[in-house]
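Every read-out reported here was derived from the displayed coordinates using simple, explicitly stated rules and does not represent laboratory data. Please read these numbers as outputs of a predicted model, since none were measured by experiment. Backbone-built Cβ (ideal geometry, glycine too); neighbour counts: all protein chains shown.
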Amino acid sequence: MNEMPKISGFTIVRNATILAYPFRESVLSILPLCEEFIINCGNSTDDTAQIVEQLANEYPEKIKILFTDWSLENPYGGFQLKKQSDLALQQTKGDWCFYIQADEVIHEEEHSAILAAIKKASQNPDIDGILFDYLHFYGNFSYQIKGRNWYRREVRAFKNHRGIEAFRDAQGFRKNGKRITVISSTARVFHYGYVRTVASLKTKAEEMAQWWGKSASASSENISLKRHVGLSKYLKTHPKWMAERIADNNIYCDPTKGMRCWNKDEFKNIITWLWESVVPYRIGEFKNYKLVVEKK
């Protein structure tokens, strides 16, 4: 295949404003790469539907809306997130699918690397998709975090019509229940799910609890950002789509002022951090994919 394959973007969203998600920025960050973009808009109690409709009005040739009701059937393990992601995926028609979550944004500098990886993978029938590296921002836009509790990589683009579906809470994808075969794109996903004010931190915990079969009050009780090992300053650029939000960086949490949490998980983080500072391999890392390392 010499010509560039057609790419279908897709996402799910519900209560984006209540959850303080950069949803509009998320969609715009990959829209230039896509022939079409499917938005599964859940039954929100804020202005999310209006945001989605505005996007569709601005880009009528690309954006298609799927309005759905999110129910509390099987409210465990994030099942509803998988179900809704699969509903959006089923509407895609392109050769490739590009999934992005409402708190993820792609840097414009990554577009060429993504397209190059997709074109390369398209020439190999044994490859299902491409892998992305993750930058997790924590507290505000000035800090990122690494550690055992933070996944380093995940699949966000894959070939369509191969029996690929969302896995568990749609963090990743599987083909017929098995891990998919991928190559690295070297591109980054900017994850902003924990860039929060104190109020939105609590709101998110309460709102998301219902999709995991948990009590909303118990999930938000005494919630705060802890100061974890693996926290560091971020000194490079953010995606251009985030400029307006970054201008208000002072309203968000300062993770350096959080309390330390010395429990067994944090000690695991310390051991992992020390190990990975010497050896770039994470022991026991959960993966939704099989990475094919290309020969140089």
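Working from label points 7 Å from Cα in the Cα-to-Cβ sense, the Q50 to D126 distance is 5.4 nm.
When the Cα positions of I246, T256, N288 are compared along the charge dipole of the stretch 234-296, N288 comes out farthest toward the positive end, with charges on each C-beta of Lys, Arg, Asp and Glu. When S85, S71 are sorted by how many other C-beta atoms sit within 10 angstrom of their C-beta, beginning with the fewest, the order is S71, S85.
With the charge dipole of the chain set up from +1 on Lys and Arg Cβ and -1 on Asp and Glu Cβ about the Cα centre, the Cα lying farthest toward the positive end among the listed residues F98, F267, L81 is that of F267.
Which FRET efficiency, nearest 0.05, do W212 and Y234 yield, Cβ-Cβ r, R0 22 Å? Don't skip to the end; give the middle numbers.
On the way: r = 29 Å, r/R0 = 1.31.
Between W212 and Y234 the formula returns 0.15.
Based on DSSP H segments of at least four residues, each scored -39500 (n - 2.57), the chain has a per-residue ellipticity at 222 nm of -7500 deg cm²/dmol. In plain terms, the chain from W262 to N43 could stretch by 74.9 nm, reckoned as 0.36 nm per residue minus the Cα-Cα distance. Taking a ≥ b ≥ c as the square roots of the eigenvalues of the Cα gyration tensor, the stretch 124-247 is classed as oblate, since a/c reaches at least 1.5 and a/b does not exceed b/c. Counted by Cβ distance under 9 Å from G258, the other residues give a net charge of +3, where Lys and Arg count +1 and Asp and Glu count -1. Cut-off under 15 Å on the C-alpha distance; same-chain residues fewer than 8 positions from K83 excluded. Which aspartates and glutamates are left, in chain and number order? Answer for K83, where 15 Å is the Cα cut-off: D69, E73, E165, D169, listed by chain and number. Neighbours of Y192, meaning other residues whose beta-carbon lies under 12 angstrom from its beta-carbon, give a summed charge of 0 when Lys and Arg score +1 and Asp and Glu score -1.
Given the pairs K82/K287; K146/K236; K82/K204; K62/K287; K119/K146; K119/K178, which span a C-alpha to C-alpha distance of over 26 angstrom in this model?
Details: K82/K287 17 Å; K146/K236 16 Å; K82/K204 18 Å; K62/K287 32 Å; K119/K146 30 Å; K119/K178 24 Å.
Among K82/K287; K146/K236; K82/K204; K62/K287; K119/K146; K119/K178, the Cα-Cα distance tops 26 Å for K62/K287; K119/K146.
Only the Cβ atoms of Lys and Arg (+1) and of Asp and Glu (-1) were treated as charged; on that basis the dipole of the chain about its Cα centre amounts to roughly 1320 debye.
Other residues with beta-carbon under 14 Å from the beta-carbon of I38 carry, at +1 per Lys or Arg and -1 per Asp or Glu, a net charge of 0. A simple packing score, the average count of other Cβ atoms within 10 Å per residue, orders the peptides 255-261, 110-116, 166-172 as 166-172, 110-116, 255-261, with the highest score first.
Only lysines eight or more places from K202 in sequence, or on another chain, were considered; those with a Cα closer than 20 Å are K214, K226, K257. The length gained by stretching the chain between S184 and I246 to full extension, at 0.36 nm per residue less their Cα-Cα distance, is 19.4 nm.
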